[in-house]
1. Would you kindly derive the ³J(HN,Hα) couplings of region 241-248 from the backbone phi angles with the Karplus curve 6.51 cos²θ - 1.76 cosθ + 1.60 (θ = phi - 60°), listing them in order in whole Hz, with x for Gly and Pro?
2. Given a cut-off of under 8 Å on Cα pairs at least six residues apart, what relative contact order in percent is computed for region 96-179?
3. At 7 Å along Cα-to-Cβ for each site, give me the label-to-label distance between E116 and D231 in nm.
4. Rounded to the nearest 20 debye, what is the charge dipole size of region 1-88 about its Cα centre when +1 sits on each Lys and Arg Cβ and -1 on each Asp and Glu Cβ?
5. Give the Cα extents of region 117-163 along the principal axes, in whole Å, largest first.
6. Rounded to whole Å and sorted largest first, what semi-axes of the equivalent ellipsoid does the C-alpha gyration tensor of region 1-129 yield via the square root of 5 times each eigenvalue?
7. Rounded to the nearest 20 Debye, what is the dipole magnitude of the chain about its Cα centre when Lys and Arg each give +1 and Asp and Glu each give -1 at the C-beta?
8. Just going by the charge dipole of region 86-239, with Lys and Arg at +1 and Asp and Glu at -1 on Cβ, which of T106, H168, V213 is farthest out on the positive end?
Amino acid sequence: MQIRGILFDWGGTLAHVDGQTDALLRGAAEALRRLAGQADPSLVQSMLAAAVEAEKAASNHPEYREVDLAELLHDWAGAHGLAWADGQLDAALATICGHWVGAALTPVHGVRETLEALRAMGMTIGLVSNCFIPPSYCHDELRQQGIAHLFDCTVFSSGVGYRKPSRHIYRQALRELAAAGGPADVGQILFVGDSPAYDVMAPAALGMKTALVSSHTGLWPAEDYERAQPDLRIDSVAELPALLADLS
């Protein structure tokens, strides 16, 4: 198995998503304090619930259309009688996303060293993530984690408009990886992630090789784990440099 390019999932693979709910709650509360003069707990919870439900709906959408967070805030405010102008909605979005950066994700131990080692091996590296937070804030988060410069391309569902497992987001990632000097042969690209459906079955259907990070077994439906047939099974991305060196 010759691998020359790697596409990584983000949450659950390169970072733990352990603070997102609290970060979004704090952001919603601050946005409401600034724009409505108070942060009614019921309104804060309502705003968060709207985001959670919208993300679920996006995951169940026949085309996996991603949530437009700005549109979501506009509709939510209107439904609650909050007549916010466009500038105020932009301010609310910036406040919420500003709280998300630096608080929602915790990098997996050794991830920077792993990415550096893979780049030293000549790998072209990309990131492909389901995230309804607008791309500019995702880039801010990667910079804060100190790993933004280690990716040749980054593709977020909020930017593409489609979530994994839609083929749109994988094809966009393949185009960007190739434009960054990655292999034209899809079979030389390894997709690495923790979801057996999104990060193994869907990329494999497009011809990519796959590696399943299995330390989170139980997070996804049992039937997905049974159906997925990854080329590699790992407990951590830190195992990749040595594994790929042995395979080359």
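1. Ordered by residue, 3J(HN,Hα) equals x, 5, 4, 6, 5, 5, 7, 7 Hz.
2. Numbers: 87 pairs, mean separation 26.8, N = 84.
The value is 32 percent.
3. 2.7
4. Numbers: 6 positive and 13 negative charges, 40 e Å.
Around 200 debye, computed over region 1-88.
5. For region 117-163, the Cα extents along the three principal axes come out at 32, 22, 11 Å.
6. On the way: eigenvalues 247, 56, 31 Å².
Whole-Å semi-axes of the equivalent ellipsoid: 35, 17, 12.
7. Details: 17 positive and 30 negative charges, 72 e Å.
I would put it at about 340 debye.
8. H168
The values are calculated or read from the model by the stated rules, or taken from the named source; none is laboratory data. Note that the structure is predicted; figures quoted are calculated from it, not measured. Cβ: placed from backbone, ideal geometry, glycine included. Neighbour counts: every protein chain shown. Keep in mind that these areas ignore ligands, DNA and RNA; they rest on the heavy atoms of the full protein, side chains included. Shrake-Rupley method; radii C 1.70, N 1.55, O 1.52, S 1.80 Å.
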